[in-house]
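Remarks on the structure that follows.
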Amino acid sequence: MKEQRRGRKIAMSPEEVDAFLAEERTCRVATSSPDGPHLTPLWFVWDGTALWLNSVVKSQRWTDIARDPQVAVLIDGGHAFNELRGVEIRGRLESVGEVPRTGTTDSELAEPERQFARKYTGRDEMHYDGRHAWLRLTPQKITSWDFRKM
């Protein structure tokens, strides 16, 4: 993974990145479409090594990713300038598991699904609607900032 070169004084530590990503609920995924950049919000979970996205498979985002899996994902928070903080993750998305997901046992998805269900529904069981599937982003580069450190 590439190391962050700029803004190191306000960069988050790996532990701060983990805590921030556990706390925040919505990310923005930037894909490349034939008409230019395409930016969409998604829910996510972070397992400490990869970002897991649960996406509708019949969407412009899914079509873009099939064509070019290289993406940038932004998770940010704060209101006033001196409260702003965030994480940008760049890398390649890959589909994991059945498409669309119907709930067939998959040991690779057990932990992301448990984390996702707990984070967004407060339960341990994942709901399957037959329209979503899993995408895993293993970071090639993580850039972070926390203006509260200034």
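Here is the figure for segment 105-141: residues that are touching a strand residue (DSSP E or B) at 6+ places or on another chain (Cβ under 7 Å), open to solvent by 60 Å² or more (accessible area, probe 1.4 Å) and more than 30 Å from residue 80 (Cβ to Cβ) total 4.
Quick one: would you say residue 144 is outside any loop (DSSP other than H, G, I, E, B), in contact with a His (Cβ under 8 Å, 6 or more places away or on another chain), surrounded by 13 or more Cβ atoms within 10 Å (Cβ to Cβ) and at pLDDT 95 or above?
no
When 40, 102 are checked against the criterion of being open to solvent by 40 Å² or more (accessible area, probe 1.4 Å) and either polar (S, T, N, Q) or in contact (Cβ under 8 Å) with a residue 24 or more places away in the chain (or both), a single residue qualifies: 102.
Of all residues in segment 1-37, those that are on the phi > 0 side of the Ramachandran plot and either surrounded by 15 or more Cβ atoms within 10 Å (Cβ to Cβ) or not in a loop (DSSP other than H, G, I, E, B) (or both) total 1.
Among the residues of segment 63-77, which ones are closer than 24 Å to residue 119 by Cα and either acidic (Asp, Glu) or open to solvent by 40 Å² or more (accessible area, probe 1.4 Å) (or both)?
Of all residues in segment 63-77, those closer than 24 Å to residue 119 by Cα come to 71-77.
74, 76 - these are the residues of segment 63-77 that are closer than 24 Å to residue 119 by Cα and either acidic (Asp, Glu) or open to solvent by 40 Å² or more (accessible area, probe 1.4 Å) (or both).
The values are calculated or read from the model by the stated rules, or taken from the named source; none is laboratory data. Given the structure is predicted, the values throughout are model-derived calculations rather than measurements. In this analysis, Cβ positions are derived from the backbone assuming ideal geometry, glycine residues included, and neighbour counts consider all displayed protein chains. Protein only, heavy atoms only, side chains kept; ligands, DNA and RNA dropped before computing areas. Shrake-Rupley method; radii C 1.70, N 1.55, O 1.52, S 1.80 Å.
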